[in-house]
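Report on one structure; see the data block that follows.
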Amino acid sequence: MSALVAEELERLHQLIAWSFPPGLSPESVAGEACVWCDVPCDDTAVDLSTLGPLRACATCYAGQLVWLVSWYDWNGHVDACTPCQQGRVCHVGRGRRVLHLLTTGLARKQPPLCTGCQGPLHDDEPALPFVWTGQSSEHLGYGHTRCLLRRATSR
Ligand SMILES: [Zn+2]
Ligand SMILES: [Zn+2]
Ligand SMILES: [Zn+2]
């Protein structure tokens, strides 16, 4: 487990600040309710942005954080693991994937979809973390190993 230094927390905070869901309520836009769960903000709410008053409740913020940290843990393993990259059996990779996907609900994310084929990631299908760059920021996602391998070889 790597230490979360201030710099790392700041980077994660930036990612969280830009990942709030679409369709905010008027209360959320005004910073009076959490952007994720719409619960009225209290003293423990976290300021998300210097551009507006958006805030998250402590529970939702922690959910986002654990989602990101577990995604990076999984991704860090895959980066250094040949069996994972080739879609072969790897219990460490499997464990990190399971741990990460357990946080989907905490982070109020949709069930994971493959970036390549847009299909769901079934438990018995090899899958990898995958990052794609959008208009303004990076998006952390997933892909079936077979879809990502096809992508890599057709480049
Ligand atoms: Zn909340
Ligand atoms: Zn592995
Ligand atoms: Zn796929």
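Size of the dipole of the chain about the Cα centre, Lys and Arg at +1 and Asp and Glu at -1 on the beta carbon, nothing else charged, in debye to 20?
The dipole of the chain has a size of about 940 debye.
Could you list, bin by bin from short to long, the percent of Cα-Cα pairs of the range 41-155 in 10 Å steps?
13, 40, 30, 13, 4, 0
State the answer as a single residue: which of Ala45, Gln86, Leu121 lies farthest towards the positive end of the charge dipole of the chain, with beta carbon charges of +1 for Lys and Arg and -1 for Asp and Glu, about the Cα centre.
Gln86
What are the ³J(HN,Hα) couplings of the range 18-28, residue after residue, when phi is run through the Karplus curve with 6.51, -1.76, 1.60 and θ = phi - 60°? Round to Hz, x for glycine and proline.
9, 10, 5, x, x, x, 5, 6, x, 5, 5
If one takes the longest principal axis of the Cα atoms in the chain, at what angle in degrees, from 0 to 90 and to the nearest 10, does the Cα axis of helix 58-79 lie?
Approximately 20 degrees, to the nearest 10.
Which ³J(HN,Hα) values in Hz, rounded to whole numbers, follow from the phi angles of the range 126-138 under the Karplus curve 6.51 cos²θ - 1.76 cosθ + 1.60, where θ = phi - 60° and Gly and Pro get x?
Those phi angles translate into x, 9, 9, x, 8, 10, 10, 9, x, 5, 10, 7, 8 Hz.
Can you compute the FRET efficiency between Leu9 and Thr44 using 1/(1 + (r/R0)^6), with r the Cβ-Cβ distance and R0 = 25 Å? Round to the nearest 0.05. Before the final figure, lay out each step's value.
Numbers: r = 17 Å, r/R0 = 0.67.
It comes to 0.90.
I need the phi-derived Karplus couplings for the range 88-99: 6.51 cos²θ - 1.76 cosθ + 1.60, θ = phi - 60°, integer Hz, Gly and Pro marked x.
In residue order, the calculated couplings are 8, 5, 9, 6, 5, x, 4, x, 5, 5, 4, 4 Hz.
Run through all the Cα pairs of the range 14-108 and give the fraction in each 5 Å bin from 0, expressed as whole percent.
3, 14, 21, 18, 12, 10, 9, 7, 5, 2
Can you list residues whose amide H is under 5 Å from Cys114's amide H, if they're 5+ apart or on another chain and H is modeled 1.01 Å from N?
Amide H neighbours of Cys114: Gly119, Leu121.
Computed from the coordinates by the stated procedures, all read-outs in this text should not be read as laboratory data. What you are looking at is a predicted structure, and each value in this text was computed from that prediction instead of being measured. Heads up, the Cβs are rebuilt from the backbone with ideal geometry, glycines too, and the neighbour counts pull from every protein chain shown.
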